[in-house]
Amino acid sequence: MTGGSAPASPGPADWFEEKLYPDIRQGFAIAKILHRERTEHQDLIIFENPVYGRVLALDAIVQVTTGDEFVYHEMMAHVPILAHGAARRVLIVGGGDGGILREALRHRALERVTLVEIDRAVVDLCLEWMPSIPGKAFRDRRTELVIADGARYVAETDERFDVVIIDSTDPVGPGEVLFTEAFYRGCRRVLTPGGILVNQNGVPFLQRDEAPMTLRRRRRAGFHDVGFYVAAVPSYYGGLMALGWASDDRRKREIAPATLARRFAAAKLRTKYYTPELHRAAFALPAFIGDQLR
Ligand code: SAM
């Protein structure tokens, strides 16, 4: 079985093969296909895998699994929110599976979390087939769900946010526009002074151009402090994943360990991956990633 598609009625030996790289394939045994359709924007499949649990793939690229989602969602939510220290309003662009929304809403000091997702089907089908990921987040009174293109939203909205989190697909298809300088400029426009932007930025060992590209574009968009932190997400093949960081206030990135520990304790979060120590350590990049950024 080749390519990122699945047969009508899968037998026990059927596989989903991710098609993100020309010379490398990651395969997932399909125990059962739960849903598959061509949405308004992309090919969507949700299937059961014996190791990762339920898996969502869009355009033949793995997006999230119930088995390891906690890694990425905790690092994309808690790092910027705890680094900020006084966030009240958060914008999530993409993220229709609801995982980052769930983690962000665990910060009781937040007054509003706006999620702008282009594809309604992702929200509805994750609620139906992967309910452990969003949990009750979409029913929280602080949640505002907007079905729209994130690039258009940040270019047009009058709303302002303390933290912006870009949980996009890869820079192909509908997600391509979320890696442009114009989009980052829009993100900076909607941030309050000292606000923080984080974004999914690929796997540097295999997507070597992505981090340097967004570094340049976020700098050109006007951000004064631009960098990365990393996390190891098992289902994102290829080693460490880069998570982009941008702000106009460098002190937010160099936050003291004691301050982070105090904020973490005050937030009363029980986490499976994030710790205040790991938060700081995640900004220490391996030499090869540093070399890519020079
Ligand atoms: N964590 C995953 C990753 O790192 O690859 C991303 C997961 S999340 C499901 C990605 C979401 O971005 C998808 O639901 C997709 O529909 C949404 N998306 C893609 N392009 C978008 C755009 N231009 N505006 C808003 N949402 C977009």
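Structural remarks
- Three-way shape label, segment 200-253, alpha-carbon gyration tensor, a/c 1.5: oblate
- Solvent-accessible surface (1.4 angstrom probe) belonging to Glu277, in square angstrom, nearest 10: 130 Å²
- Ignoring lysines fewer than eight residues from Lys136 along the same chain, the ones with Cα atoms less than 27 angstrom from its Cα are Lys32, Lys268, Lys272.
- A probe of 1.4 angstrom, applied to the heavy atoms of all protein chains, finds Tyr21 with accessible area near 30 square angstrom.
- Short to long, the 10 Å bins of the Cα pair-distance histogram for the chain hold 6, 29, 37, 21, 5, 0 percent of all pairs.
- Working from Cα pairs under 8 Å separated by at least six residues, relative contact order for segment 57-127 is 31 percent.
- Rounded to the nearest 20, the Cβ-based charge dipole of the chain about its Cα centre (Lys and Arg +1, Asp and Glu -1) stands at 1360 debye.
- Overall form of segment 184-294 per C-alpha gyration tensor (a/c, 1.5; a/b vs b/c): oblate
- Computing FRET efficiency as 1/(1 + (r/R0)^6) for Trp15 and Asp209, where r is the C-beta to C-beta distance and R0 is 51 Å, gives about 0.95.
- Using C-alpha pairs below 8 Å separated by at least 6 residues, the relative contact order for segment 132-189 is 34 percent.
- Computed over the chain, relative contact order equals 14 percent, with contacts defined as Cα pairs under 8 Å that lie 6+ residues apart.
- Anisotropy class of segment 122-200 from Cα gyration tensor, a/c 1.5 cut: oblate
- Built amide H within the under 5 Å cut-off of Gly194, gap 5+: Asp248
- Build a GNM of the chain with springs between Cα atoms under 10 Å apart, and of Pro257, Pro234, Pro134 the one that fluctuates most is Pro257.
- Calculated log₁₀ intensity ratio I(q)/I(0) where the Debye formula runs over C-alpha points of segment 57-123, q = 0.17, 0.18, 0.20 Å⁻¹: -0.62, -0.69, -0.82
- Comparing Glu210, Glu159, Glu103 in a Gaussian network model of the chain (Cα springs below 10 Å), the most mobile by mean-square fluctuation is Glu159.
The values are calculated or read from the model by the stated rules, or taken from the named source; none is laboratory data. Just so it is clear, the model here is predicted, and its values are computed rather than measured. Here Cβ is always computed from backbone atoms with ideal geometry, including for glycine, and neighbour counts include all displayed protein chains. Note: areas computed on protein heavy atoms with side chains; ligands, DNA, RNA excluded. Shrake-Rupley method; radii C 1.70, N 1.55, O 1.52, S 1.80 Å.
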